[in-house]
Amino acid sequence: MHLQRLQLFSFKNHTEAHFAFCSQLNCITGPNGSGKTNVLDAVYYLANAKSYFNPADSQIMQHGSSFFSVHGWFADGDKEDEILATFTDKGKKTLKKNDKTYNRLADHIGMIQTVFITPYDISLVLEGSEERRRFMDFTLCQTNREYLEVLSTYKRILEHRNSFLKKMEGRNPDPDIMDSYDSRLVPAANRIFGWRQDFISEFQPWFQEYYGWLCQTTETVALDYESELITEAYSDILRRNLDRDRVLQRTSSGIHKDDLVFSLQGQPLKKFGSQGQIKSFVIALKLAQYRYFLEKTGHKPILLLDDIFEKIDALRAGKLMELVARDFFGQIIITDTHAERVKNHLKSLDTEQVFFELGG
């Protein structure tokens, strides 16, 4: 699948913009602040019904505008799909596919896969566990509709359980009510836990392969799935922690606390990894994500590369372009501040290439 055309109105700093993309390499260049990254984010928005960077749609709309829209035309072989996303200053969000409005935005998830590689992705390593859970959940939700539904169910029950604990204000909760929450929370958690375990087992070899290939190194890297459910049944954990949950007025344990531990040569990456190693680790994660999508769906995702040549050294940039040349990827959209630099990196590739220059 590839994006043929993109049309933006009042989306971030783009009052109005139009792009006609080719099915292979598309390069958007221009100075910082010209809106290059925002074009990639618009593509991501069409695929996922949300921004990669901004959790609130109201932050995306241009100041003074009454709405924004992102309009895309996608081709998959002989099939064409038109996707239109709009948001108004009244807070109404609409997503349409071929002029038909989705009843639930979740029904669109998994229709179009994107892999976004940006300098901000180092937060996967440097920030808290929520970032790494989000990476796992996003990847699984794109390829497993059941996972998406069960995760949504778990979050909803957890929210109700937390709301009830908060209402109790530290008092002893009714055991029957707690049992009613826990009897629904536990099976959902167990299924999510199992899917995440299977995901890491399948994902890790690809990740390790791409890290070694990018860095031309024999360094040992690993992803370890960390969850309380590995050593104890969730029903027992909830019972054991009930007094603590009552005092904290929230559910203090469960798969919403899971984490991925990143290690290099058996040591924590965050503590011992260099900047180059951390960047390579993150890029390898995203390449493995791409491979996971490809293996699960049979379709090549759209690869979005934001300022990639600015942030990695020549060796890693060269290895990444080597991978592109192998026809591993489908459509790629790259941004860079220097037109000549990106053209120099791509000149040896025998692929269709289209260039866009944005002003300041």
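The values are calculated or read from the model by the stated rules, or taken from the named source; none is laboratory data. As the structure is a prediction and not an experimental result, all values here were calculated from the model. Reconstructed Cβ throughout: ideal geometry from the backbone, glycine too, with neighbour counts over all protein chains shown.
With respect to the stated conditions, Y234 is over 30 Å from L304 (Cβ atoms) and aromatic (F, W, Y).
Table: residues versus (1) free of Cβ contacts under 8 Å to residues at least 40 places away in the same chain; (2) aromatic (F, W, Y); (3) in contact with a Phe, Trp or Tyr (Cβ under 8 Å, 6 or more places away or on another chain).
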site	(1), (2), (3)
M168	no, no, no
I200	no, no, yes
F207	no, yes, no
T220	no, no, no
I237	yes, no, no
L242	no, no, no
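Of the residues in the stretch 86-94, at least one is in contact with a helix residue (DSSP H, G or I) (Cβ under 8 Å, 6 or more places away or on another chain), surrounded by 15 or more Cβ atoms within 10 Å (Cβ to Cβ) and either modelled with pLDDT of 95 or more or farther than 30 Å from D350 by Cα (or both). Of all residues in the stretch 302-316, those satisfying the criterion of being surrounded by fewer than 17 Cβ atoms within 10 Å (Cβ to Cβ) and either assigned to a helix (DSSP H, G or I) or assigned by TED's automatic domain parsing to the domain that holds K279 (or both) are E310, A314, L315. The selection criterion, being in a helix (DSSP H, G or I), aromatic (F, W, Y), crowded, with 16+ Cβ neighbours inside 10 Å and in contact with a His (Cβ under 9 Å, 6 or more places away or on another chain), does not hold for Y147. Based on what the data block shows, is T114 of a type in the set (S, T, N, Q) and farther than 30 Å from Q275 by Cβ? No, not satisfied. Taking the stretch 202-257 as the range and being closer than 26 Å to K319 by Cβ, of a type outside the set (D, E, K, R) and in a helix (DSSP H, G or I) as the test, the residues that pass are F203, Q204, P205, W206, F207, Q208, Y210, Y211, G212, W213, L214, C215. Considered as a group, the residues in the stretch 161-178 that are assigned to a helix (DSSP H, G or I) and surrounded by 14 or more Cβ atoms within 10 Å (Cβ to Cβ) include one that is farthest from the chain's Cα centre (by Cα), and that residue is M168. Enumerate the pairs (first residue in the stretch 333-349 and among the basic types (K, R); second residue anywhere and modelled with pLDDT under 85 and not in a strand (DSSP E or B)) with beta-carbon separation below 9 Å, excluding pairs fewer than 6 apart on the same chain, so at least 6 apart or on different chains. Matching pairs, first to second residue: R341/F309; R341/E310.
Tell me the residue from G330, G273 that is closer than 26 Å to D137 by Cβ, assigned by TED's automatic domain parsing to the domain that holds N38, small (G, A, S) and in contact (Cβ under 8 Å) with a residue 40 or more places away in the chain, please.
Working: G273 fails: assigned by TED's automatic domain parsing to the domain that holds N38.
Step by step, each of G330, G273 is checked, and only G330 is closer than 26 Å to D137 by Cβ, assigned by TED's automatic domain parsing to the domain that holds N38, small (G, A, S) and in contact (Cβ under 8 Å) with a residue 40 or more places away in the chain.
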